[in-house]
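*Asks:* Take this structure first; my questions come after.
The values are calculated or read from the model by the stated rules, or taken from the named source; none is laboratory data. Given the structure is predicted, the values throughout are model-derived calculations rather than measurements. All Cβ positions, glycine included, derive from the backbone under ideal geometry; neighbour counts span all protein chains shown. Each accessible area value is taken on the protein alone, full model and side chains, heavy atoms only, with ligands, DNA and RNA left out. Shrake-Rupley method; radii C 1.70, N 1.55, O 1.52, S 1.80 Å.
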Amino acid sequence: MCGIVGYTGSAQAAPILLEGLGKLEYRGYDSAGIAVRGKEDISVVKVTGRIAGLCEKTDNGKALEGCTGIGHTRWATHGAPTEGNAHPHLSNDGRFAVVHNGIIENYQTLREELKGKGYHFDSETDTEVIVHLMEMYYKGDVKKALIQTVNRLQGSYALGVLCKDEPDKLYAAREASPLIIGLGLGENYFASDVTALVAYTRNAVYLEDGEFAELTKEGVSFFDCLGQPLAKQVSRITWDVQAAEKGGYDHFMLKEIMEQPGAVKAAISPRLKNNAVVFEELKLTKEDLAGIRKIVITACGSAYYAGCSGKYVLEALTHIPVEVVLASELRYSNPLIDASTLLIVISQSGETADTIAAMKECRAKGARTLAIVNVVGSTIAKLAEDTVYTWAGPEIAVATTKGFTTQLAVLYLLSLYFSKLLGIAGEDYAAHIRILKSLPRLIQQAIDMNHSLPKLAEKYHRAKSLFFIGRNTDYAAALEGALKMKEISYLHAEAYAAGELKHGTIALIEEHTPVIALCCNRRIMEKTLSNIVEVKARGAEVLAVSYRDNPKILSVADDFIFIPEVEDLFSAIVEIVPLQLLAYYVAKANGCDIDKPKNLAKSVTVE
Ligand code: F6R
């Protein structure tokens, strides 16, 4: 999704803005632009496509004079990805430049009103109304004009504003779209994402909805919609610069796959003390949990699939019924939710618009909310009554990997923690703790055992369509495996509950159709085996994901991905890792833009 950066200080702004935008590339975008207050006026440079084009046009920023500026990467929503629609947008009098993330829902009404008053529009975007409103309300006081402007806006926005009349100042405003102020020495910044700030400062202030900031190189002041000053807390950014770089890998995705043993360890280790799960951050008490009749998990995409996996573990260990509902569906379904529901919200970014909306809907109905989030200080983290961080570190590749496995790790931990809190932890509690401790090692083994994946990818990368099948926990992992394949390799891939094949899908199996069969849940493996035989009989090429000691699988499948021995309930977190690698190598063989797949964005902040 779109990215925003802003800089004011004594250095040349443009190279800093370009570097900041470079750090936001991973979010997905299709055009970009910067605006800098030059000697007399605001200069704007925009391109369609990559930031490299912007660097080329501006001699890496050196061609643009000025120490205060704003930048933007745009992921098209209203209007095609053209230069005209790219941000920053300029007011008709050239006095204001604006960058915006989010969606202005009432832009059409505002557009008509502004056109009626003689303002002309250069783009099809919803954003452009903002800059004309600024011009309309400006009577010599930018702060006042900004407050009046945002009072007219409905929807979501993170705004960065530059005014020609105040050459050393920037303004920022936020409503339902993240914006972080970076505090430097003799220079200050804003960005929609901390990854754009870490190279410059560790001190950050997270703007809340309805808050504004005024930045000069000497300092930053915060105010509310009445213009009243606000005291804000400064937070420390703990992510390091290297964590947001490729570190010798060809792609961020590969680096992040390889980081999973460490990331899962970071999620689990601090929460295991004296052979018990501890969640010091949770306010949810034993009494609160005893009053819970149903758990609803909501999320989007991979986070939803983490929920699908987590359901098996939560139900098995807590005996509380669990429903997993897509956030985009839940928000409009008038769900049967009340104070006896625990809503678990899962989100890597913490900024997914549908997830936020579903969460608000359920909160309004009285649900108790617990969020599993990676990005500290994100909207979902702040909205939830309880937040458990996954501690995965920055995830740059658009396709999530360590974000997903750390979500699973936290769901496993929560399941064990709740079982103890409810007083129903079984005899296997201690064994389960040992298994959780061993997961980082098992994930590493699953990586080490599969050096033949690039070769397998060579075999499968030209397939028209791939089917992923499995039952129970294997089915949940199959859903995520198929999504990984689709999003980065652009091959059609579908996951099916193995027992469901014969109810229709098997009609699609023909000679050489690849079927990836997940057989890691021993309790149900025999059943999946029968489904493998069925597809084999119709000519399918079967790639089985299983254990080495499985003679039946060895005798029926054509190819193998092996994983180390792992308890059924927790097997998904291990078996998904080689499937991420398979998707990676297939995408590589297909020459795809792995870290930034087409049409996708890292953080989906629109509905
Ligand atoms: C897939 C992927 C997406 C996200 C989804 C939710 O690889 O990354 O499906 O899982 O957009 O995002 P978060 O977790 O940020 O709410």
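*Asks:* On the given criteria, is residue 232 within 26 Å of residue 41 (Cβ to Cβ) and basic (Lys, Arg)?
*Replies:* Details: within 26 Å of residue 41 (Cβ to Cβ): no; basic (Lys, Arg): yes.
The answer is no for residue 232.
*Asks:* Looking at the stretch 554-573, can you tell me whether even one residue there is touching a residue at least 12 places away in the same chain (Cβ under 8 Å), crowded, with 24+ Cβ neighbours inside 10 Å and under 21 Å from the mean Cα position of the chain (by Cα)?
*Replies:* Yes, because at least one residue in the stretch 554-573 is touching a residue at least 12 places away in the same chain (Cβ under 8 Å), crowded, with 24+ Cβ neighbours inside 10 Å and under 21 Å from the mean Cα position of the chain (by Cα).
*Asks:* Restricting to the stretch 354-368, what's the tally of residues that are more than 14 Å from the ligand (Cβ to nearest atom), assigned to a helix (DSSP H, G or I) and touching a residue at least 60 places away in the same chain (Cβ under 8 Å)? So that I can check it myself, show each step before the final result.
*Replies:* So in the stretch 354-368, the residues more than 14 Å from the ligand (Cβ to nearest atom) come out as 360-368.
Retained after the next criterion (residues that are assigned to a helix (DSSP H, G or I)): 360-364.
Imposing the further condition that a residue be touching a residue at least 60 places away in the same chain (Cβ under 8 Å) reduces the set to 362.
Counting residues in the stretch 354-368 that are more than 14 Å from the ligand (Cβ to nearest atom), assigned to a helix (DSSP H, G or I) and touching a residue at least 60 places away in the same chain (Cβ under 8 Å) gives 1.
*Asks:* Then there's this: Counting only residues that are farther than 21 Å from residue 398 by Cβ and open to solvent by 40 Å² or more (accessible area, probe 1.4 Å), which one in the stretch 473-501 is modelled with the lowest pLDDT?
*Replies:* 500
*Asks:* Being within 12 Å of the ligand (Cβ to nearest atom) and in contact with a helix residue (DSSP H, G or I) (Cβ under 7 Å, 6 or more places away or on another chain) is the filter here, so list the residues in the stretch 376-402 that pass it.
*Replies:* Residues satisfying the conditions are 379, 380, 390, 392, 395, 396, 397, 398, 399, 400, 401, 402.
*Asks:* How many residues are surrounded by fewer than 24 Cβ atoms within 10 Å (Cβ to Cβ) and either assigned to a loop (DSSP other than H, G, I, E, B) or at pLDDT below 95 (or both) when one looks only at the stretch 341-353?
*Replies:* Keep residues of the stretch 341-353 that are surrounded by fewer than 24 Cβ atoms within 10 Å (Cβ to Cβ), which gives 341, 353.
With either assigned to a loop (DSSP other than H, G, I, E, B) or at pLDDT below 95 (or both) added as a condition, the list becomes 353.
Total meeting the criteria: 1.
*Asks:* Could you check how many residues of the stretch 513-532 are surrounded by fewer than 20 Cβ atoms within 10 Å (Cβ to Cβ) and under 21 Å from residue 483 (Cα atoms)? First the steps, then the outcome.
*Replies:* If we filter the stretch 513-532 for residues that are surrounded by fewer than 20 Cβ atoms within 10 Å (Cβ to Cβ), which is where we start, we get 513, 522-524, 526-527, 530.
The next check asks that each one be under 21 Å from residue 483 (Cα atoms); those that pass are 513.
Total meeting the criteria: 1.
*Asks:* When you go through (1) away from the ligand (no atom under 14 Å from the Cβ); (2) in contact (Cβ under 8 Å) with a residue 12 or more places away in the chain one by one for residue 287, which number turns out not to apply?
*Replies:* Just one mismatch for residue 287, condition (2).
*Asks:* If we keep just the residues of the stretch 296-340 that are over 30 Å from residue 600 (Cα atoms) and outside any helix (DSSP H, G or I), which is most open to solvent (accessible area, probe 1.4 Å)? Steps first, answer last, please.
*Replies:* Taking the stretch 296-340 and keeping what is over 30 Å from residue 600 (Cα atoms), we get 313-321, 336-340.
Cutting the leftovers down to outside any helix (DSSP H, G or I) gives us 319-321, 336-340.
Details: 319: 130, 320: 13, 321: 74, 336: 152, 337: 19, 338: 75, 339: 75, 340: 31 Å².
Residue satisfying both the conditions and the ranking: 336.
*Asks:* Of all residues being of a type in the set (A, V, I, L, M, F, W, C) and in a loop (DSSP other than H, G, I, E, B) in the stretch 567-607, which is farthest from residue 469 (Cα to Cα)? Just the residue, please.
*Replies:* Our first condition is that a residue be of a type in the set (A, V, I, L, M, F, W, C); within the stretch 567-607, this holds for 569-570, 572-574, 576-577, 579, 581-583, 586-587, 589, 592, 594, 600-601, 604, 606.
Adding the requirement that they be in a loop (DSSP other than H, G, I, E, B) leaves 592, 594, 600-601, 604, 606.
Values: 592: 25, 594: 24, 600: 25, 601: 27, 604: 28, 606: 32 Å.
Out of the qualifying residues, it is 606.
*Asks:* Within the stretch 426-444, can you find the residues that are more than 17 Å from residue 402 (Cβ to Cβ) and surrounded by fewer than 20 Cβ atoms within 10 Å (Cβ to Cβ)? Step through it out loud before you land on a result.
*Replies:* Our first condition is that a residue be more than 17 Å from residue 402 (Cβ to Cβ); within the stretch 426-444, this holds for 426-435, 437-438.
Once the filter is applied, which keeps residues that are more than 17 Å from residue 402 (Cβ to Cβ) and surrounded by fewer than 20 Cβ atoms within 10 Å (Cβ to Cβ), the stretch 426-444 yields 426, 427, 428, 429, 430, 431, 433, 434, 435, 437, 438.
*Asks:* Look through 186, 227 and report the one residue that is open to solvent by less than 30 Å² (accessible area, probe 1.4 Å), part of a loop (DSSP other than H, G, I, E, B) and either out of contact with any strand residue (DSSP E or B) (no Cβ under 7 Å at 6 or more places or on another chain) or not acidic (Asp, Glu) (or both). Before you say what the answer is, go through the steps one by one.
*Replies:* Numbers: 186 fails: open to solvent by less than 30 Å² (accessible area, probe 1.4 Å).
Sole residue among the options that is open to solvent by less than 30 Å² (accessible area, probe 1.4 Å), part of a loop (DSSP other than H, G, I, E, B) and either out of contact with any strand residue (DSSP E or B) (no Cβ under 7 Å at 6 or more places or on another chain) or not acidic (Asp, Glu) (or both): 227.
*Asks:* Moving to a separate point now. Answer yes or no as to whether residue 400 is among the hydroxyl-bearing types (Ser, Thr, Tyr), over 17 Å from residue 344 (Cβ atoms) and either touching a residue at least 12 places away in the same chain (Cβ under 8 Å) or in a helix (DSSP H, G or I) (or both). So that I can check it myself, show each step before the final result.
*Replies:* Numbers: among the hydroxyl-bearing types (Ser, Thr, Tyr): yes; over 17 Å from residue 344 (Cβ atoms): yes; either touching a residue at least 12 places away in the same chain (Cβ under 8 Å) or in a helix (DSSP H, G or I) (or both): yes.
Considered against the rule, which asks whether it is among the hydroxyl-bearing types (Ser, Thr, Tyr), over 17 Å from residue 344 (Cβ atoms) and either touching a residue at least 12 places away in the same chain (Cβ under 8 Å) or in a helix (DSSP H, G or I) (or both), residue 400 comes out as yes.
*Asks:* Can I ask one more? For residue 118, state whether it is over 30 Å from residue 379 (Cα atoms) and not assigned by TED's automatic domain parsing to the domain that holds residue 350.
*Replies:* Details: over 30 Å from residue 379 (Cα atoms): yes; not assigned by TED's automatic domain parsing to the domain that holds residue 350: yes.
In short, yes.
*Asks:* Being over 22 Å from residue 223 (Cβ atoms) and open to solvent by less than 40 Å² (accessible area, probe 1.4 Å) narrows it down to one of 132, 100, so name that one. Spell out the reasoning first.
*Replies:* Working: 100 fails: over 22 Å from residue 223 (Cβ atoms).
So the residue among 132, 100 that is over 22 Å from residue 223 (Cβ atoms) and open to solvent by less than 40 Å² (accessible area, probe 1.4 Å) is 132.
*Asks:* Is it fair to say residue 493 is among the small types (Gly, Ala, Ser) and in contact with a strand residue (DSSP E or B) (Cβ under 6 Å, 6 or more places away or on another chain)?
*Replies:* Details: among the small types (Gly, Ala, Ser): yes; in contact with a strand residue (DSSP E or B) (Cβ under 6 Å, 6 or more places away or on another chain): yes.
Judged against the criteria, residue 493 is a match.
*Asks:* What is the one condition in (1) touching a residue at least 12 places away in the same chain (Cβ under 8 Å); (2) in contact with a strand residue (DSSP E or B) (Cβ under 8 Å, 6 or more places away or on another chain) that residue 221 does not satisfy?
*Replies:* Checking residue 221 against (1) touching a residue at least 12 places away in the same chain (Cβ under 8 Å); (2) in contact with a strand residue (DSSP E or B) (Cβ under 8 Å, 6 or more places away or on another chain), the one that fails is (1).
*Asks:* Out of all the residues in the stretch 463-471, is one or more in the same structural domain as residue 315 (by TED's automatic domain parsing), more than 14 Å from the chain's Cα centre (by Cα) and surrounded by 20 or more Cβ atoms within 10 Å (Cβ to Cβ)?
*Replies:* Step one: filter the stretch 463-471 for residues in the same structural domain as residue 315 (by TED's automatic domain parsing), giving none.
Checked the stretch 463-471: no residue is in the same structural domain as residue 315 (by TED's automatic domain parsing), more than 14 Å from the chain's Cα centre (by Cα) and surrounded by 20 or more Cβ atoms within 10 Å (Cβ to Cβ).
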